[in-house]
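Only one structure is covered here, and it is reproduced in the block below.
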Amino acid sequence: MVFKGVNTFRSRITLLTGGLLLSLSLVLVTYLYHVASTRLSAASGESLVSISQSVSNMLTASLIEREREIVLLSKRLSLYEGQDLSGLQETIDQIKNSYKHYAWIGFADENGIVLASGDGVLKGADVSQRPWFIHSHSGAYIGDVHKALLLEKLLPKPKDGMPIRFVDFAAPVIGKDGVLKGVVATHADWAWVKEVLASSFNNEFNGASVDIFIIDNNQEIIYPDNYVGEMDVPNTLPNSGQFESVVWSDNENYLTSLVTVVSPQSTQLGWRIVVRQPADIAMQSVREVHRLLLILGAISTLFCMLLAYRLASSLSLPLERLARTAKRIQQGDRHVTFQDDSHLNEVTSLSRSLQEMMSSLLDREQTLLQLNVTLEAKVQARTAQLEASNQSLKAIVRQDPLTQVFNRLALDEALQKEYQSVRESHHEFAVIMVDADHFKKINDHYGHSIGDKVLKKMATILVDVIGDAGMVARFGGEEFTVLLPNVKEKTAHDMAERLRQRVESTDMHEALFVTASFGVAMCKASDEHYEQVLNRADAALYKAKEQGRNQVILST
């Protein structure tokens, strides 16, 4: 496009039109970019917080479950009485085989000498100076992550070449006379945290450069292994449940969220889940939209400038005649007259052209606003997907992956709710503890796959019989728990007997029949915690075991 000077009508109209359109485009693009970046940043940050919270919930549930198992084992006093600890040895081997990440489990007497252990590892060793033995005399203890010491040479080396690391769970064994008999403990392989992350991390985020870290109370990375001692965590991190844009040690900006892991009451580990995503990746969609808006704005501006130039050219001659006429009038020529027909036509045409120009500007604005609406719809759809993923993760956290019944976390929540209802409205509820008899022999003789089928079949039987009358949860291993709200003692006992008969008469797999033992307990008004009814049901269960199995014992 060639101009004949900036003082011409055509040049000024063209430049004025281009300037107005360019300014309007920049204002709208800047506004839309700000709105989109703010909303997408918030949505991305909330998704990172959702991931952090899900991982924290799974890790908390796993810690509680491991602590619960070791505490329950410490309270089975019949296993520690007498000189013959064969029953304890069998139980320890069974527990170790029930959870693949138990690297070691054993019992040390009050002097710190290991008397029984899984597969006999470290039997006879002196562990009196180990932190788990020292700190667990007065109650349950969970230790922080540490490298293997005594067991390092006894265990196979990991394939990835990383050092073996453990988390210790220990509980004191207190005799009926109140005297310490020893400590039962287990070393859980730190590799179990990988399974926790795998069950929490939605496939939707794979490939999105999302990193998950676990840091300890000293703000040092304890997971993943390849970052331990190799990366420094920023001194300033978001508060728990929040997200911020943080510059990490590689001088890159990351959208970072943090959630504190809720430790069991017995210890304060101070672990925190940190999830980060490069800010460039999190904001990639906004940058693409911004680039598209700039291109569309430039094209529209150039097109409108060309149109204005052509319109100005078509009007220049009539306007020049008007200018010459006006100048002659200014010089005193009173005989010249305006060509009314030409003058009126030019003014009308100019008005119409300006109106068309404004219509073009309004159309451009409408197009940009429509782009904003489309972008908002995409952000809302993305937020809905994230909320659906979060709800799915919450459901997974409360379901046992093998039997598809509720897990320990869901059971504890239901028991807490029922216990509160008892205290407020004086209703009653019952707990039935169910344990498959001689389940280890099934695994040893038929294999763990058949054992898993037996557990699934038992879970199906329990759910089928209980129906809507209560809930069924897997307590751990081959042990299940049935919660019956608002029932009397006789009803609970009859229900347990129905379950026992149904299990006994059901073909689990190709003429394989099993039996189960049942312990029934009622919640008492004097109970100070819902775990007391669990303990009574568990004691009744083990009494059923001791009296020959395949029977129902009612707690007194």
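Here, each number is a calculation from the coordinates, and none is a lab measurement. Predicted model, so just to flag it, every value in this text is computed and none were measured. In this analysis, Cβ positions are derived from the backbone assuming ideal geometry, glycine residues included, and neighbour counts consider all displayed protein chains.
The slack between ALA381 and THR515, meaning 0.36 nm per residue of separation minus the straight C-alpha distance, is 43.1 nm. What separates the Cα centres of the range 448-524 and the range 83-121 is a distance of 28 Å. Counting only aspartates and glutamates at least 8 places from LYS194 when in the same chain, those with an alpha carbon closer than 15 Å to its own are ASP160, ASP211, ASP225. In this structure, the pairs whose alpha-carbon distance is over 26 Å, taken from LYS123/LYS457; LYS75/LYS123; LYS456/LYS488, are LYS123/LYS457; LYS456/LYS488.
Bridge orientation summary for the range 408-554: considering DSSP beta bridges with both residues in this region, about 85 percent are antiparallel.
If packing is taken as the average number of other Cβ atoms within 10 Å across a peptide's residues, how do 176-184, 230-238 rank, most packed first?
Numbers: 176-184: 15.8, 230-238: 13.8.
Result, highest mean first: 176-184, 230-238.
Derived scalar couplings between HN and Hα for the range 511-524 equal 6, 9, 10, 10, 10, 9, 9, 10, x, 10, 9, 9, 5, 9 Hz in order, rounded to whole Hz, by the Karplus curve 6.51 cos²θ - 1.76 cosθ + 1.60 (θ = phi - 60°), x for Gly and Pro.
Let me check against my output: what whole-number percent is the relative contact order of the range 408-554, with C-alpha pairs under 8 Å and at least 6 apart?
Values: 245 pairs, mean separation 45.1, N = 147.
Once normalised by length, the contact order is 31 percent.
Take the Cα of GLN83, step 7 Å toward its Cβ, do the same at LYS456, and the gap between the two points is 4.8 nm. Projecting label points 7 angstrom from Cα along Cα→Cβ for ASP126 and SER425 puts them 6.0 nm apart. Shape of the range 31-134 from its Cα gyration tensor (a ≥ b ≥ c, root eigenvalues): rounded if a/c is under 1.5, otherwise prolate when a/b > b/c, or oblate? Note, shape of the range 31-134 comes out prolate.
Once you have a ≥ b ≥ c as the square roots of the Cα gyration tensor eigenvalues for the range 408-554, tell me rounded if a/c is under 1.5, and otherwise prolate or oblate according to whether a/b is larger than b/c. Verdict is prolate for the range 408-554.
Backbone phi angles across the range 246-256, fed through the Karplus curve with coefficients 6.51, -1.76 and 1.60 (θ = phi - 60°), yield HN-Hα couplings of 10, 8, 8, 5, 8, 6, 9, 8, 10, 6, 10 Hz in residue order; Gly and Pro are listed as x. The distance between label points at ASP144 and LYS176 comes to 4.2 nm (points 7 Å beyond Cα on the Cα→Cβ vector).
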